[in-house]
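Enquirer: Dropping the structure in here first, questions after.
FYI, it's all coordinate maths here, none of it is from the lab. None of these values were measured; they are calculated from a predicted model. Methodologically, a virtual Cβ is constructed for each residue, glycine included, from the backbone with ideal geometry; neighbour enumeration extends over all protein chains shown.
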């Protein structure tokens, strides 16, 4: 079970990172549809796949407009897009407004509120839950054959947040970490997470395997989150795995 990190930046692309987009080919499942979606073309090997949206900020939905290209040059015929009602309505009204993008890709929309808190995508069981973020966001937990993953992005990593209860026992946590500790004030203001906040909360929640993503695009150095030695940092927080996602990184996330 592979996780393809197609876009790992938050807010806007940089010279090294595109915005949030992740693909699990074995589950035919994409997490968010940021500008990194252009990289999925070579991974498409069926006539449809599914996208779950955390929310409707542009860095998570821009790639929906790329789908027309894939229909033209791959076997793709339909894309299932899952999201909250208000977010999907905003995308339909604004992103696909005639004056902005007049040709609608072959999307079938699925409203989370109508599905209930749990639903299935193929053989993958999905559960969604609310996150704290300006404008609202949701996280997901995915369970299936050889898959145990939670996806939490665009939220603060407060240990009091209810979503930590939703991810208990998951094998892998893909969690945003937009800012290093130098930017805590801005992280709080914008509803994002910072390095120490994520690590400490993940430790309290018993997380064992943590992938950090949604990185500040202005942090262009080799250690954008100020982690230092990853092995040492993982050991000090009782983590078996600590990974900073980067564009084009492919991770084996098979259930353990």
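Enquirer: Compute the length gained on full extension between residue 58 and residue 117: take 0.36 nm times their separation in residues and subtract their Cα-Cα distance, giving the result in nm to one decimal. Working shown, then result.
Expert: Details: separation 59, 0.36 × 59 = 21.24 nm, distance 2.46 nm.
Length difference between fully extended and current span is 18.8 nm.
Enquirer: Here is a follow-up. Relative contact order for the chain: what percent, with Cα pairs under 8 Å and sequence separation of 6 or more? Kindly include the intermediate steps, with their values, before the conclusion.
Expert: Numbers: 577 pairs, mean separation 48.6, N = 256.
Contact order relative to length: 19 percent.
Enquirer: Right, another one. Across bins of 5 angstrom width beginning at 0, how are the C-alpha pair distances of the range 79-130 distributed, in whole percent?
Expert: Each 5 Å bin holds this share of Cα pairs: 5, 17, 25, 23, 13, 9, 6, 1.
Enquirer: In what order do 222, 248 fall by count of nearby beta-carbon atoms within 10 Å, going from fewest to most?
Expert: Working: 222 6, 248 14.
Ranking 222, 248 by Cβ neighbours within 10 Å, fewest first, gives 222, 248.
Enquirer: Within the range 187-218, what residues put their amide N at less than 18 Å from the label point 7 Å along the Cα-to-Cβ vector of residue 252?
Expert: 209-211
Enquirer: Could I ask something else about it? In whole Å, what are the Cα extents of the range 70-201 along the three principal axes, biggest one first?
Expert: 45, 39, 30
Enquirer: Let me ask something else about it. If you wrap a convex hull around the C-alpha atoms of the chain and split its volume per residue, what is the figure in Å³? Walk me through the numbers before you get to the answer.
Expert: On the way: hull volume 30.2 nm³, N = 256.
Per residue, the Cα convex hull of the chain comes to 118 Å³.
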